[in-house]
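Visitor: First, the structure itself, so that you have it in front of you.
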Amino acid sequence: MKKLLLTALLSTLSGASAATLVFGGNGEPVSLESGNITDGISILVQRQIYDTLVDFKNGTTDLMPGLATKWTPNANNTSWTFTLRKGVRFHDGTPFNADAVVFNLGRWWDKAHPYGFRDQGRTFEIMGELLGGYKGDATAVIKNIVKVNDSTVRVDLNKPSSVLPNVLAAGYFGIASPTAIKKEGAKYGTPASKPIGTGPFIFQSWRTGDRVTLLPNKVYWGEKAKVDQLVIRSIKDASQRLNELKAGTIDFANDLTPDSLKSVQADKNLVAVKRPSFNVGFVALNNRNQYLKNDKVRQAISMAINKKEIVDAFWNGLGVSNASFLPPVMSWANSPKVPADYKFDPQAAKRMLAEAGYPNGFTIDLWYMPVSRPYFPTPKPIAEAIAADLSAIGIKVNLKTQDWAKYLEERNKEPGFDMYMIGWTGDYGDPDNFYGAYYGSNASDDINWNPANVQTLLEQGRAAATQAAKAKVYQQLHEITYNANYRIPMVHSNPLAAARTYVKGWIPSPLGSEAFNTISITGKK
Amino acid sequence: MGSYLIRRLLRTLLVMLGISLVVFVFVRSIPGDPAVAMLGERATPEAAAALREQLGLNKPWFFNPANPLDAQYPKYMGALLQGDLGSGLKSNIPVWDDLRARFPATAELSIAALLFALLIGMPAGVLAALRRNSVWDNLATTISLVGVSMPVFWLGLLLSYFFAVKLGWLPPSGRLGTDYDIQPITGFYILDALLRGQTAAAWDALRHLILPAIALGSIPLAIIARITRSSMLDVLGQDYVRTARAKGLAFRSVTMKHALRNALLPVVTVIGLQAGALLGGAVLTETIFSWPGIGSWVYEAISQRDYPIIQGGVIFAALVVSLANLIVDLSYAALDPRIQYS
């Protein structure tokens, strides 16, 4: 019995003395295998364990060295050479070098890679999506991945791309230890395995459905972690994350609802943290609809919606209205020739509708999503507000919704939805990641509008070597899409996060996840 | 008795096979396909089609004329009969691994909820019956009405806010504080912590269990209180109770020994039925309290259309409910000697 008590006492003491940083995640990671997963919480946990070749400067979408210290294109952007950091080792002792990079890129890109485990359900679909396809595909951006020497890797492309380093900087593409993947086989990335990267934290354990525990990497090549232990808990419910923050059982958390801002501000133990905006919530208008085909009708709709009022009402100051399709950090790619957005003017909208031949308006469906997303936290009341604005100019709106999976599927099937709400959160700081996703040749077919000049400009944008050249291309795209007006940008939201006051040095990335090695805690009880 | 048991177990097996077929067809009939759900906003028709192909979801359900064995159901059943429930479509985690890790959490919570419901509900029902039409009776009836009508998720959030945030007595959610770690033996945290001599961790696990158990137990509590009350009233009016009283037996002995034991039969039936209801209630309770059990996991899988997880979860839940009902049936015989199985 004495021994029991002593053990208990010791376990209490050891628990209390270690500086443990606890994050409230909005769920459990799906997998800790990089390249094969796209959900936010998996990426966030991976971000602690793995490094990417190229990284983003804290709190921005600007590039900085990661595992590669330098990346240089050839003259026409059809080949990129990455110079790798020397002396870095994976958590299991495996040296990081060109072989490791070729192995990682290879298994994502090559469908026949022996360690890709595609026959066992691996898909690596994000690689195909951001880089046009896989090895041998006609649309694939990457042609070949070559080891030049131990610390140099060259990636040859099928078509010019200036965004390859940006893509590889996205949180999906953490470089993992080849030794670990070969050893663990197809179970790599599940709770039964040990994910191994070069990142600031080392994987310790994954309690299914509950938490992932990480320890600091004492020999990290970059800024070393300042806590003794990092625990990422899975707390699915947003109001429960707030409860946990208030009770002090977690130290910081993401993805709180905008309406909890007041409650956070009223708590002297908490600090509200606004994540920089890197998303767009918009209303898509479908060209297959007889009314929406008409340019003037679309303009009338744009002018009739009071975006500022809606954003003020439903985002609690955590959003920007009157903006283009691109989030504010990329405003350099907006054209000075057109306004960011159509001005709210119900009178003009009414006149426009009459000119279009519908002085008495018409009836149309507006679909709103059944789930809360960062860009539309409360879709239903927002849809009701849009409907009210449209009814003021005579357009009667039927509000509709359905299950999320069905919603995403139906929008892409003919005839699709007349008008529907959707949005996008970016992966890396290039306009192509926004325009390409919704206007590109592989984009969803929700609006039935796909002119050739837009495709040409998107290609030129991807090939453009300098930011000035890029800006020129995307400004034209901005003008074309503004005038066509098939997607009405409603908001760029700042997802709400919060931390206990003793959490210092947290610099949230606009991209949604960042490494927690910059965080220190002082005075936590 | 032995042959009865064997017959019941065989019947359970048949039920399981039937359920596997029903759930297979059912999950594939829910509109919306897994590939689209996984890709989210990124789901273009091409990307969804490619993913569907890779996951084998483009294959026919039951029969592939080109290759009879290359259809989804024969493959699934072939694996199932070898004890393989498949792996989560996206996570690649074997469904059985997840079940094994999560079931003890759900079981621990359900047992605690049932204990809470029994320990409060039965005495309340007995008291209400003995003091019929008194203040106690009215109170018990009102509380049980409120208990049945209150949405579990709302009660859960309310409990968490009041007892964890406002009063700071108990943790708001989760199964164990981050200061502790318990190496699993049985998967039941409190038990494992005690077995490993971590009394502080056991205490912490118990503290985490209280609020979700109350939330999950509220409806069974209300039902048990009501059934106990009406069953007690029924029994108290019987001749043998009157006889026992007339014989001059003590009040306590009459109510506890003679009346309560006989009044328990319907209560036990309800407990059996509640085993299924508890699994259902666990979906909400586990989501609200971040409880790493089966309920929240299957719930998530349904929204993601993760077929293998939904199938595995449903089959497993059906097995648990069948076995719970078997135990209930067997305990009838223990409670009432007139009931015999042959």
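Visitor: Restricting attention to segment B:322-342, and to residues there that are open to solvent by less than 20 Å² (accessible area, probe 1.4 Å) and part of a helix (DSSP H, G or I), which single residue is modelled with the lowest pLDDT? Step through it out loud before you land on a result.
Guide: Quick first cut of segment B:322-342, residues open to solvent by less than 20 Å² (accessible area, probe 1.4 Å) only: B:326, B:328, B:336.
Imposing the further condition that a residue be part of a helix (DSSP H, G or I) reduces the set to B:326, B:328.
Numbers: B:LEU326: 85, B:VAL328: 82.
Checked segment B:322-342; the qualifying residue modelled with the lowest pLDDT is B:VAL328.
Visitor: A further question follows. Which of the residues spanning segment A:399-415 are assigned to a loop (DSSP other than H, G, I, E, B), within 11 Å of chain B (Cβ to nearest Cβ) and touching a residue at least 24 places away in the same chain (Cβ under 8 Å)?
Guide: Quick first cut of segment A:399-415, residues assigned to a loop (DSSP other than H, G, I, E, B) only: A:401-403, A:411-415.
Subsequent filtering for residues that are within 11 Å of chain B (Cβ to nearest Cβ) retains A:402-403, A:411-414.
Answer for segment A:399-415, where residues must be assigned to a loop (DSSP other than H, G, I, E, B), within 11 Å of chain B (Cβ to nearest Cβ) and touching a residue at least 24 places away in the same chain (Cβ under 8 Å): A:GLN402, A:ASP403, A:ARG411, A:ASN412, A:GLU414.
Visitor: Next question, about the same structure. Picking from B:LEU284, B:LEU319, which residue would you name as being of a type outside the set (D, E, K, R), part of a helix (DSSP H, G or I) and within 11 Å of another protein chain (Cβ to nearest Cβ)? If you could, list the steps in order and put the result at the bottom.
Guide: Numbers: B:LEU319 fails: within 11 Å of another protein chain (Cβ to nearest Cβ).
B:LEU284 is the lone residue from the list that is of a type outside the set (D, E, K, R), part of a helix (DSSP H, G or I) and within 11 Å of another protein chain (Cβ to nearest Cβ).
Visitor: Determine, yes or no, whether B:ALA213 is within 9 Å of chain A (Cβ to nearest Cβ) and modelled with pLDDT of 95 or more.
Guide: no
Visitor: Show the residue pairs meeting these rules: Cβ distance below 7 Å; 6+ apart or different chains; first residue within segment A:179-192 and within 9 Å of chain B (Cβ to nearest Cβ); second residue outside any helix (DSSP H, G or I) and of a type in the set (Gly, Ala, Ser).
Guide: These pairs meet every condition: A:LYS187/A:SER193; A:GLY189/A:SER31; A:THR190/A:SER31; A:THR190/B:SER91.
Visitor: What number of residues within segment B:179-204 satisfy the criterion of being crowded, with 22+ Cβ neighbours inside 10 Å and in a loop (DSSP other than H, G, I, E, B)?
Guide: Total satisfying the criteria: 2.
Visitor: Another question, then. Scan segment B:92-112 and give yes if some residue there is out of contact with any strand residue (DSSP E or B) (no Cβ under 9 Å at 6 or more places or on another chain) and modelled with pLDDT under 90, otherwise no.
Guide: no
Visitor: Would you pick out the residues in segment A:91-117 that are part of a helix (DSSP H, G or I), open to solvent by less than 30 Å² (accessible area, probe 1.4 Å) and not small (Gly, Ala, Ser)?
Guide: Correct list: A:VAL101, A:PHE103, A:ASN104, A:LEU105, A:ARG107, A:TRP108, A:TRP109.
Visitor: Going through A:SER17, A:SER42, A:SER34 one at a time, which residue ends up being under 29 Å from A:ALA138 (Cβ atoms), among the hydroxyl-bearing types (Ser, Thr, Tyr) and either modelled with pLDDT under 95 or surrounded by 16 or more Cβ atoms within 10 Å (Cβ to Cβ) (or both)?
Guide: On the way: A:SER17 fails: under 29 Å from A:ALA138 (Cβ atoms); A:SER42 fails: under 29 Å from A:ALA138 (Cβ atoms).
On inspection, the qualifying residue turns out to be A:SER34.
Visitor: Okay, next question. Restricting the search to segment A:420-472, which residues are of a type in the set (Ser, Thr, Tyr), outside any strand (DSSP E or B) and within 13 Å of chain B (Cβ to nearest Cβ)?
Guide: Pass one, segment A:420-472, residues of a type in the set (Ser, Thr, Tyr): A:420, A:425, A:428, A:435, A:438-439, A:441, A:444, A:456, A:466.
Filter once more, keeping what is outside any strand (DSSP E or B): A:428, A:435, A:438-439, A:441, A:444, A:456, A:466.
Once the filter is applied, which keeps residues that are of a type in the set (Ser, Thr, Tyr), outside any strand (DSSP E or B) and within 13 Å of chain B (Cβ to nearest Cβ), segment A:420-472 yields A:TYR438, A:TYR439, A:SER441, A:SER444.
Visitor: On the given criteria, is B:GLN311 of a type outside the set (A, V, I, L, M), part of a helix (DSSP H, G or I), modelled with pLDDT under 85 and buried (at least 20 other Cβ atoms within 10 Å of the Cβ)?
Guide: No, not satisfied.
Visitor: A follow-up question, please. So which of A:PRO195, A:PRO191 is open to solvent by 20 Å² or more (accessible area, probe 1.4 Å) and touching a Ser or Thr at 6+ places or on another chain (Cβ under 9 Å)?
Guide: A:PRO191
Visitor: Return the residues of segment A:448-462 that are over 23 Å from the mean Cα position of the chain (by Cα) and either open to solvent by 60 Å² or more (accessible area, probe 1.4 Å) or of a type outside the set (Phe, Trp, Tyr) (or both); say none if nothing qualifies.
Guide: A:ASN448, A:ASN450, A:PRO451, A:ALA452, A:ASN453, A:VAL454, A:GLN455, A:THR456, A:LEU457, A:GLN460
Visitor: Here's a follow-up. On the given criteria, is B:SER173 under 16 Å from B:LEU216 (Cα atoms), in a loop (DSSP other than H, G, I, E, B) and at the interface with another protein chain (Cβ under 7 Å from one of its Cβ atoms)?
Guide: Judged against the criteria, B:SER173 is a match.
Visitor: Right, next: Which of the helices (runs of 4 or more DSSP H) found entirely inside segment B:1-111 contain at least 1 residues meeting this: under 28 Å from the mean Cα position of the chain (by Cα) and not charged (D, E, K, R)?
Guide: Where helices (runs of 4 or more DSSP H) fall fully within segment B:1-111 and carry at least 1 residues being under 28 Å from the mean Cα position of the chain (by Cα) and not charged (D, E, K, R), they are B:2-29, B:34-39, B:72-81.
Visitor: Continuing with this model, one more query. Identify, by number, the condition in (1) crowded, with 22+ Cβ neighbours inside 10 Å; (2) within 10 Å of chain A (Cβ to nearest Cβ); (3) among the small types (Gly, Ala, Ser); (4) part of a helix (DSSP H, G or I) that B:ALA301 doesn't meet.
Guide: (2)
Visitor: Return the residue satisfying two criteria in turn: it lies in segment A:245-271 and is free of Cβ contacts under 8 Å to residues at least 24 places away in the same chain and within 13 Å of chain B (Cβ to nearest Cβ), and of such residues it is nearest to A:GLY505 (Cα to Cα).
Guide: Among those residues, the one meeting the criterion is A:ASP267.
Visitor: Residue pairs, Cβ under 7 Å, 6 or more apart or interchain, first in segment B:91-114 and within 8 Å of chain A (Cβ to nearest Cβ), second hydrophobic (A, V, I, L, M, F, W, C) and outside any helix (DSSP H, G or I). List them.
Guide: So the pair list comes out as B:SER91/A:VAL30; B:ASP97/A:ALA192; B:ALA105/B:TRP291.
Visitor: Identify the residue in segment B:217-227 that is open to solvent by 10 Å² or more (accessible area, probe 1.4 Å) and under 16 Å from the mean Cα position of the chain (by Cα) and, among all such residues, is nearest to A:ARG211 (Cα to Cα).
Guide: Within segment B:217-227, the match that is nearest to A:ARG211 (Cα to Cα) is B:SER218.
Visitor: Name the single residue, out of those in segment A:218-242 being open to solvent by 10 Å² or more (accessible area, probe 1.4 Å) and more than 25 Å from the chain's Cα centre (by Cα), that is farthest from the other protein chains (Cβ to nearest Cβ).
Guide: So, considering only residues that are open to solvent by 10 Å² or more (accessible area, probe 1.4 Å) and more than 25 Å from the chain's Cα centre (by Cα), the one farthest from the other protein chains (Cβ to nearest Cβ) is A:TRP221.
Visitor: Would you check which residues across segment A:203-215 are touching a residue at least 60 places away in the same chain (Cβ under 8 Å) and either within 14 Å of another protein chain (Cβ to nearest Cβ) or more than 24 Å from the chain's Cα centre (by Cα) (or both) and list them?
Guide: Hits for segment A:203-215 are A:TRP206, A:THR208, A:GLY209, A:ASP210, A:VAL212, A:LEU214.
Visitor: Considering every residue within segment A:180-188, establish whether at least one is under 21 Å from A:ALA98 (Cβ atoms) and of a type in the set (Val, Ile, Thr).
Guide: Taking every residue of segment A:180-188 in turn, at least one turns out to be under 21 Å from A:ALA98 (Cβ atoms) and of a type in the set (Val, Ile, Thr).
Visitor: Go through segment A:503-523 and give me each residue that's in contact (Cβ under 8 Å) with a residue 24 or more places away in the chain, among the small types (Gly, Ala, Ser) and part of a loop (DSSP other than H, G, I, E, B).
Guide: A:GLY505, A:SER509, A:GLY512, A:SER513, A:ALA515
The values are calculated or read from the model by the stated rules, or taken from the named source; none is laboratory data. Note that the coordinates shown come from a computational prediction; the quantities given were computed from them, not determined experimentally. In this analysis, Cβ positions are derived from the backbone assuming ideal geometry, glycine residues included, and neighbour counts consider all displayed protein chains. With ligands, DNA and RNA removed, areas are computed over all heavy atoms of the protein, side chains included. Shrake-Rupley method; radii C 1.70, N 1.55, O 1.52, S 1.80 Å.
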